[in-house]
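The values are calculated or read from the model by the stated rules, or taken from the named source; none is laboratory data. All values derive from a computational prediction rather than experimental measurement. Counting neighbours? That spans all protein chains shown, and the Cβs are built from the backbone with ideal geometry, glycine included.
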Amino acid sequence: MTYRFAAVIERDEDGYFAFCPELQGCYTQGNSYEEALDNLREVIELHVEERGILTISWQSHTLISPDRE
């Protein structure tokens, strides 16, 4: 079974804030867009492992925001 989760990444004054709207409590931050996305992947993996989902297949989809550096 394949699971897809949305990643919302927003820039703020301290870097980037990332969260997954489908999974309550899955949020993180990073100094760069890429770091925030990598951190969010790790948070999602931990979240689903705790709930017994054993495998996640990552597909790369990048949304570029106008304020991304």
Quiz item: Is region 1-9 home to any residue that is touching an Asp or Glu at 6+ places or on another chain (Cβ under 8 Å) and modelled with pLDDT of 90 or more?
Solution: no
Practice problem: Could you look through region 10-38, keep only residues that are in a loop (DSSP other than H, G, I, E, B) and modelled with pLDDT of 95 or more, and pick out the one that is surrounded by the fewest Cβ atoms within 10 Å (Cβ to Cβ)? | Solution: Asn31
